[in-house]
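Asks: Sending over a structure as structure tokens; questions will come in a sec.
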Amino acid sequence: MAEQLSVAEVVRHLSDREGNQFLADAQYAAADADRRREIRRGVAEKVTALLVDGADGDLVDGAVSAEHLCNAMWHLAGLAAQEDELARTETEASGAGAR
């Protein structure tokens, strides 16, 4: 994987139209539990700001943007669960093969 981005950069990739969703996916999937928590916290702060302040002052656009960001996190949670399961399966298979 490329260099690790800051949490703010990952959140930007998730929330900006010009952001790179694939890069954000890769960053989240490769992260350990603590870093994933940090990213989720950053996303939660962004969602809160969108709901309270709107997008460029427009509360409807803010709500829509917050929904899109929550959908992206739902996708990432599923991706991370798949990555974790794959890693667990590979670890179990290599442990069984060593016996």
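The values are calculated or read from the model by the stated rules, or taken from the named source; none is laboratory data. Worth saying up front: this structure is predicted, and the values here are computed from it rather than measured. So basically every Cβ, Gly included, is an ideal-geometry build from the backbone, and we count neighbours across all protein chains shown. Accessible surface is based on the protein model in full, side chains and every heavy atom, while ligands, DNA and RNA are left aside. Shrake-Rupley method; radii C 1.70, N 1.55, O 1.52, S 1.80 Å.
Asks: Residues that are in contact with a strand residue (DSSP E or B) (Cβ under 6 Å, 6 or more places away or on another chain) and at pLDDT 90 or above: list the helices (runs of 4 or more DSSP H) wholly contained in the range 3-99 that include at least 2 such residues.
Replies: Ranges flagged: 59-97.
Asks: Filter the range 54-69 down to the residues that are among the charged types (D, E, K, R) and either within 18 Å of GLY19 (Cα to Cα) or crowded, with 16+ Cβ neighbours inside 10 Å (or both) and list them by number.
Replies: Of everything in the range 54-69, those that are among the charged types (D, E, K, R) and either within 18 Å of GLY19 (Cα to Cα) or crowded, with 16+ Cβ neighbours inside 10 Å (or both) turn out to be ASP56, ASP61, GLU67.
Asks: Another question about this same structure. Only one of (1) exposed (fewer than 10 other Cβ atoms within 10 Å of the Cβ); (2) under 21 Å from VAL10 (Cβ atoms) fails for SER94. Which number is that?
Replies: The number of the failed condition is (2).
Asks: State yes or no: is VAL60 touching a helix residue (DSSP H, G or I) at 6+ places or on another chain (Cβ under 9 Å) and of a type in the set (Val, Ile, Thr)?
Replies: Against the criterion (touching a helix residue (DSSP H, G or I) at 6+ places or on another chain (Cβ under 9 Å) and of a type in the set (Val, Ile, Thr)), VAL60 does not qualify.
Asks: Is it the case that some residue within the range 19-30 is among the charged types (D, E, K, R) and open to solvent by 80 Å² or more (accessible area, probe 1.4 Å)?
Replies: There is no residue in the range 19-30 that is among the charged types (D, E, K, R) and open to solvent by 80 Å² or more (accessible area, probe 1.4 Å).
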